[in-house]
Structures are given as C-alpha cells and as structure tokens.
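Undergrad: Submitted below is the structure of interest, expressed as structure tokens.
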Amino acid sequence: MRISVIGTGYVGLVSGACFAEIGHQCMCVDVDPAKVARINAGDPPIHENGLDALLARHVGTRLSATTDLAAAVRDSEITFIAVGTPFDGERIDLGYIRAAARQIGAALRDKPGYHVVVVKS
C-alpha cells in the first residue's frame with residue numbers, strides 16, 4: 001500500500017518507519033526542509049529507540065520524506081494526519097490538524113476514486 005504521513009514527529013515518523021518495516025511504501029511530509037533532509041539522509045531528527053535502524057533499512061527504498069504535501073497525498077492511497085496538537089493547560093489547539101485537512105482536501109479535489117484519511121494526532 002502507498003501511505004502518506006503528514007507530520008514527522010514522534011507519532012508520524014515512527015508510524016511511517018513502522019509502515020515501511022511491514023512492507024508499505026511510505027512518504028512522510030513535513031514543512032521543515034532541514035528535517036526532511038535529515039530523514040532522507042537516514043538521520044533521525046528525534047530520538048526513539050530503534051528508529052535509526054528502521055531509517056537505515058528503509059530510507060531510499062520504502063521510506064522517504066518531502067515538503068510537498070499535495071504530491072505525497074495524490075501518490076498515496078491512505079493519508080495519516082500526525083501533526084502536533086499543542087496543549088496550553090486548558091485547551092488543545094487543533095489548528096495544525098485543520099490546516100493539514102484543508103491541504104489534503106485541496107490535493108484530492110481532482111483525484112478520482114477514494115482516499116482514506118486518518119487523524120492519528
């Protein structure tokens with residue numbers, strides 16, 4: 001399956017690496033070009049036990065990263081939204097989820113067929 005994951009933090013990048021580990025093609029999306037470059041070089045921008053080994057095994061084959069959300073979504077069958085949901089102590093900020101959903105909707109506007117979108121944040 002071709003999967004896109006929006007967000008490359010602890011939820012998104014780890015999920016993407018695990019999807020690649022079980023045989024799926026996964027494109028992770030982030031707005032930070034430096035973070036994308038690190039991922040594509042196999043250098044994890046976050047610490048999670050075993051993530052460096054997963055990146056070493058799958059970057060360049062089943063796992064890659066990009067800043068191009070629209071292309072990643074159009075080239076996949078399912079999209080996971082795994083962006084941050086900051087909490088100020090009183091309220092969870094869903095702004096990043098809403099922004100990602102709008103961008104996904106725009107990317108899918110001209111794509112025929114169906115596309116599954118999962119909110120994992």
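Undergrad: Which value, in Å², gives the accessible area per residue of the chain when a 1.4 Å probe is used on the protein heavy atoms?
TA: With all protein chains present, the chain gives 56 Å² per residue.
Undergrad: Then there is this: Apply the Kirkwood formula to the range 11-121: the hydrodynamic radius equals the inverse of the mean of 1/r over all pairs of different alpha-carbon atoms; give it in Å with one decimal.
TA: 14.7
Undergrad: Which percent of the accessible area of the chain is formed by carbon and sulfur heavy atoms (probe 1.4 angstrom)?
TA: That fraction is 54 percent.
Undergrad: Roughly how much of S64 is accessible, in Å² to the nearest 10, using a 1.4 Å probe?
TA: Accessible area of S64: about 40 Å².
Undergrad: Starting with the highest mean, order 73-85, 30-42, 89-101 by the number of other Cβ atoms within 10 Å, averaged over the residues of each peptide.
TA: 73-85, 30-42, 89-101
The values are calculated or read from the model by the stated rules, or taken from the named source; none is laboratory data. Given the structure is predicted, the values throughout are model-derived calculations rather than measurements. Every residue, glycine as well, gets a Cβ built from its backbone with ideal geometry; the counts of neighbours run over all protein chains shown. What goes into the accessible areas is simple: the full protein's heavy atoms, side chains included, and nothing from ligands, DNA or RNA. Shrake-Rupley method; radii C 1.70, N 1.55, O 1.52, S 1.80 Å.
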